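Enquirer: Handing you this structure, nothing more for now.
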Amino acid sequence: MYKKELSPEDLLRIIFEYTAKIASEQKLNSVLVHMANMGREMILSDRCAVWLIDEPNHQLYTTVAHGVDEIRIPYGTGLVGNAIEAGEPIIIEDAYNDPRHNAENDRKTGYHTKSIITVPFRNNDGEIIGAYQAVNKLTEIDYFTERDLELLSLAASYAGKSLESVMLHQEIIDTQREIISTMGEVGEIRSKETGNHVRRVAEYSYVLALGLGLSVNEAELLRTASPMHDIGKVAIPDAVLNKPGKLTEEEYDTIKSHTNIGYQLLRGSKRELLRTSAIVAEQHHEKWDGTGYPAGRKGEDIHIFGRITAVADVFDALSAERVYKAAWPLDRIEGLFREERGRHFDPAIVDVFFEKLPKLLEIRARLTDVE
C-alpha cells in the first residue's frame with residue numbers, strides 16, 4: 001500500500017522529534033538508530049542505512065540498517081562508496097540498471113532493491129565521515145526525487161555534526177576505560193594476580209548490578225570503574241603484599257591501607273568514572289555488619305558499588321589459587337556466602353549472587369587464568 005507525501009507539519013514534527021532525541025544521546029549506536037529512523041520517515045523509504053568509514057581497514061560499514069545485520073564493503077565500492085569518494089549524493093531509479101549497485105547483498109538477504117538515494121554527511125571540519133542511504137520509495141511515485149534529496153541532505157547536515165560529537169565523546173570514554181583497566185592490572189600484577197582477576201571482577205559486578213535492578217548505565221559505570229578496586233596496592237611493599245605466611249598485626253594494617261591510598265589517588269577527579277573508581281577503591285572491604293575497613297561503614301551507608309564489588313572480589317579471590325591459599329571448591333564458596341549473608345555481605349546482593357551463579361561461572365570459565 002502506497003503512502004502519501006508528508007505535509008510540512010508532519011515533516012517539522014519528525015525533524016523536531018528526532019533532533020531532540022539525537023541531541024540527548026551519548027551512545028553511538030543509539031544516535032545511529034535515530035538517524036536511520038529519521039531518514040526513513042522524512043522521505044518515506046522502506047529502509048535506511050547509516051554508513052561509516054573504517055579507515056584502518058579501508059572499509060565502509062553499517063551497524064544500523066533496517067532489516068539486515070552489519071554490512072561491510074571495501075572503501076570506494078558500491079553506490080555508497082562512490083558517493084563518499086566523490087563527495088556527492090546519488091539518486092537512481094532502478095538499481096539493477098546501474099553498474100555501481102552491489103547486488104550481492106540482495107542475493108544474501110532475498111531483498112529486492114529498486115530505487116536508492118545516497119547522501120554523504122560531513123563533520124564540523126567539512127570532512128566526509130559517512131553517508132545516509134535510503135532504499136525503495138514507498139509512495140505512488142516509486143523513486144526518489146530532488147525533494148527527497150533536499151530533505152535527506154538536511155538530515156545529513158544536522159546528523160553528521162551531531163554524530164561527530166558523540167564519536168569524540170565515545171573515544172574519550174573508551175580511552176578512559178582502557179587506562180583504568182590497565183592501571184587496575186598494574187595493581188594486581190604487583191600482588192601476583194593476573195589481569196584476568198580485574199576483568200572477572202568487572203564482569204561479575206556488571207551481572208550483579210543488573211540483577212539488583214540498577215540501570216544499564218549504572219552497571220556499565222561500575223564495570224568500567226571496578227578494575228581500580230585494588231589500585232592502592234601499588235604503594236604496599238612487596239615483602240608485605242606477597243608474604244606467603246601469616247601477617248603480623250602491623251603488616252595487616254599496612255595491607256588495609258590500600259583502600260585509603262586508592263581513594264586518595266582518585267578522589268580529586270571531576271570525572272564521574274574516576275570518582276566512581278575512588279568509591280570502589282575505598283569501600284570494597286567494608287562489611288554489611290560494620291566490621292569492615294577502612295571506616296567501619298554499616299549497611300546502606302556503604303555505597304552500593306562498594307557492596308557489589310565486595311561480593312565480586314571475594315568470589316574471585318576464593319575461586320583462584322593465590323600465594324597463600326589453594327582455590328576453594330564451589331560448594332565451600334557457596335557455604336561461605338550463605339554464612340556471611342547479612343554479616344560481610346548485603347543480603348540482597350547474596351541472593352542475586354546465587355540467582356546469577358550460572359552466569360558468573362560462565363564468566364569465570366571464559367576468563368580463566370592461563371599459566
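Enquirer: Would you mind computing, in nm to one decimal, how far apart the modelled labels at Tyr143 and Glu85 are, each placed 7 Å from Cα along Cα→Cβ?
Expert: Simple spin-label model gives 2.4 nm for this pair.
Enquirer: Please compute the net charge surrounding Asn37, taking Lys and Arg as +1 and Asp and Glu as -1 over other residues with Cβ under 10 Å from its Cβ.
Expert: 0
Enquirer: Sort Asp10, Asp331 by accessible area with a 1.4 Å probe, largest first.
Expert: Asp331, Asp10
Enquirer: Given Lys21/Lys356; Lys4/Lys114; Lys108/Lys359; Lys3/Lys114; Lys243/Lys287, which pairs have Cα atoms separated by over 27 Å?
Expert: Values: Lys21/Lys356 34 Å; Lys4/Lys114 19 Å; Lys108/Lys359 34 Å; Lys3/Lys114 17 Å; Lys243/Lys287 24 Å.
Table pairs above 27 Å Cα-Cα are Lys21/Lys356; Lys108/Lys359.
Enquirer: Right, another one. Given the rule -39500 (n - 2.57) for each run of at least 4 DSSP H residues, summed and divided by the residues of the chain, what is its mean residue ellipticity at 222 nm, to the nearest 500 deg cm²/dmol? The partial results should precede the final answer.
Expert: Working: 15 runs with 198 residues, N = 371.
Result for the chain: -17000 deg cm²/dmol, rounded to the nearest 500.
Enquirer: In a solvent-free Debye calculation with one equal scatterer on each Cα, what is log10 I(q)/I(0) for region 24-99 at q = 0.11, 0.12, 0.23, 0.25 Å⁻¹, listed in the order of the q values?
Expert: -0.31, -0.37, -1.27, -1.36
Enquirer: If you don't mind, another one. Assuming R0 = 41 Å, can you tell me the calculated FRET efficiency for the pair Asp69 and Ser157, based on Cβ-Cβ distance, to the nearest 0.05? Present the calculation step by step, with values, prior to reporting the outcome.
Expert: Values: r = 28 Å, r/R0 = 0.69.
Efficiency computed from Cβ-Cβ geometry: 0.90.
Enquirer: For Glu104 and Ala326, compute 0.36 nm times the residue count separating them, minus their Cα-Cα distance, and round to one decimal in nm. The partial results should precede the final answer.
Expert: On the way: separation 222, 0.36 × 222 = 79.92 nm, distance 5.61 nm.
Between Glu104 and Ala326, full extension yields an extra 74.3 nm.
Enquirer: What is the Cα coordinate range of region 236-371 on the first, second and third principal axes, sorted by size from largest, in whole angstrom?
Expert: On the principal axes, region 236-371 reaches 39, 34, 28 Å in Cα extent.
Enquirer: With everything on Cα atoms, drop me the angle between helix 28-43 and the longest principal axis of the chain, reported from 0 to 90° to the nearest 10.
Expert: That helix lies at roughly 20 degrees to the long axis.
Enquirer: Which FRET efficiency, nearest 0.05, do Glu17 and Val240 yield, Cβ-Cβ r, R0 51 Å? Can you show the working numbers first?
Expert: Details: r = 60 Å, r/R0 = 1.18.
Once rounded, the FRET efficiency stands at 0.25.
Enquirer: To continue, here is another question. Quick check: at a probe of 1.4 Å, how many percent of the accessible area of region 62-122 sits on carbon and sulfur atoms? Walk me through the numbers before you get to the answer.
Expert: Numbers: 1410 of 3090 Å².
Its accessible area is 45 percent carbon and sulfur atoms.
Enquirer: Ignoring ligands, DNA and RNA, what accessible area per residue does the chain give at 1.4 Å, in Å²?
Expert: Values: 18730 Å² over 371 residues.
For the chain, the per-residue accessible area is 50 Å².
Enquirer: Just from the alpha-carbon atoms, what are the Rg and Dmax of region 3-132 in angstroms?
Expert: Rg and Dmax of region 3-132, Cα atoms, are 14.9, 43 Å.
Enquirer: Could you order the peptides 31-41, 263-273 from most to least packed, using the average number of other C-beta atoms within 10 Å per residue? Walk me through the intermediate numbers first.
Expert: Values: 31-41: 22.5, 263-273: 14.7.
Ranked by mean Cβ neighbours within 10 Å, highest first: 31-41, 263-273.
Enquirer: Let me ask something else about it. Could you report the accessible area of Tyr252 in Å², rounded to 10, computed with a 1.4 Å probe on the protein chains as they sit in the structure?
Expert: Looks like 110 Å² after rounding.
Enquirer: Nearest 10 degrees, 0 to 90: what angle lies between the long axis of helix 357-366 and the longest principal axis of the chain (Cα atoms)?
Expert: Approximately 80 degrees, to the nearest ten.
Enquirer: Write down, largest first, the equivalent ellipsoid semi-axes of region 221-314 in whole Å, where each equals the square root of 5 times an eigenvalue of the alpha-carbon gyration tensor. Let's see the in-between values first.
Expert: Values: eigenvalues 96, 52, 25 Å².
They are 22, 16, 11 Å, listed largest first.
Enquirer: Here is a further query. Which lysines does Lys246 reach when only Cα atoms under 19 Å apart count, and residues fewer than 8 places away in its own chain are ignored?
Expert: Hits, sequence-local ones excluded: Lys192, Lys233, Lys256, Lys325.
Enquirer: Now for a separate question. With axes computed from alpha carbons, what is the tilt in degrees of helix 216-225 against the longest principal axis of the chain, rounded to the nearest 10 within 0 to 90?
Expert: Result, in degrees: 50.
Enquirer: How far apart, in nm, are the 7 Å Cα→Cβ label points at Asn124 and Leu361?
Expert: For the pair Asn124/Leu361, the computed spacing is 5.2 nm.
Enquirer: I've got another one for you. Probe radius 1.4 Å, ligands and nucleic acids ignored: give me the carbon and sulfur share of the accessible area of region 271-371 as a rounded percent. Could the numbers behind the result be given before it?
Expert: Details: 2370 of 5070 Å².
In region 271-371, the share of accessible area belonging to carbon and sulfur is 47 percent.
Enquirer: Could you state the orientation-averaged shadow area of the convex hull built on the Cα atoms of the chain, in nm² to one decimal?
Expert: Details: hull surface 93.1 nm².
Taking the Cα atoms of the chain, their convex hull projects to 23.3 nm² on average.
The values are calculated or read from the model by the stated rules, or taken from the named source; none is laboratory data. What you are looking at is a predicted structure, and each value in this text was computed from that prediction instead of being measured. Quick reminder, even Gly has a Cβ in these numbers, built from the backbone with ideal geometry, and neighbours come from all protein chains shown. Heads up: the accessible areas ignore ligands, DNA and RNA and are worked out on the full protein's heavy atoms, side chains in. Shrake-Rupley method; radii C 1.70, N 1.55, O 1.52, S 1.80 Å.
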